[in-house]
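For reference, the structure is listed below as structure tokens.
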Amino acid sequence: AAIVYMGAFPSAVCFLLWNRGVELLGPSRSGPFIHLTPVSGILMAWLFLDERLHDYHLVGIALIVTGLVLASRGKNA
């Protein structure tokens, strides 16, 4: 029961929150932030599961954040 709960409830809540964010920001502004999923997975594994952070994790996070910053800049930038 706990596994079903942890699989279903957070997924449903995240889906609803994502849809609300898309509704508030619009799809063109919120779409690129789906790429933060692996970043949050890496950081949560590091914080809660005591996983080791490696250089390739940090490089990947830096590339994702750089891409989001570049994509978030307006057309005039």
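Mind listing whichever residues of the stretch 13-34 are under 23 Å from Ile61 (Cβ atoms) and surrounded by fewer than 12 Cβ atoms within 10 Å (Cβ to Cβ)?
If the condition is that a residue be under 23 Å from Ile61 (Cβ atoms) and surrounded by fewer than 12 Cβ atoms within 10 Å (Cβ to Cβ), then Cys14, Leu17, Ile34 are the ones that fit.
Please state which of the following conditions Trp18 fails to meet, knowing it meets all the rest: (1) among the aromatic types (Phe, Trp, Tyr); (2) under 13 Å from Ile64 (Cα atoms); (3) modelled with pLDDT of 85 or more.
So the condition that Trp18 fails would be (2).
Does Arg73 fit the bill of being at pLDDT below 85, surrounded by fewer than 10 Cβ atoms within 10 Å (Cβ to Cβ) and among the basic types (Lys, Arg)?
yes
Of the conditions (1) open to solvent by 80 Å² or more (accessible area, probe 1.4 Å); (2) modelled with pLDDT of 90 or more; (3) among the hydroxyl-bearing types (Ser, Thr, Tyr), Thr66 clears all except one; give me its number.
Among (1) open to solvent by 80 Å² or more (accessible area, probe 1.4 Å); (2) modelled with pLDDT of 90 or more; (3) among the hydroxyl-bearing types (Ser, Thr, Tyr), Thr66 violates only (1).
Which of the residues that make up the stretch 35-52 are exposed (fewer than 10 other Cβ atoms within 10 Å of the Cβ) and either charged (D, E, K, R) or in contact with a helix residue (DSSP H, G or I) (Cβ under 9 Å, 6 or more places away or on another chain) (or both)?
Once the filter is applied, which keeps residues that are exposed (fewer than 10 other Cβ atoms within 10 Å of the Cβ) and either charged (D, E, K, R) or in contact with a helix residue (DSSP H, G or I) (Cβ under 9 Å, 6 or more places away or on another chain) (or both), the stretch 35-52 yields Asp50, Arg52.
The values are calculated or read from the model by the stated rules, or taken from the named source; none is laboratory data. In this text the structure is predicted, and so the values were computed from the model without any measurement. Backbone-built Cβ (ideal geometry, glycine too); neighbour counts: all protein chains shown. With ligands, DNA and RNA removed, areas are computed over all heavy atoms of the protein, side chains included. Shrake-Rupley method; radii C 1.70, N 1.55, O 1.52, S 1.80 Å.
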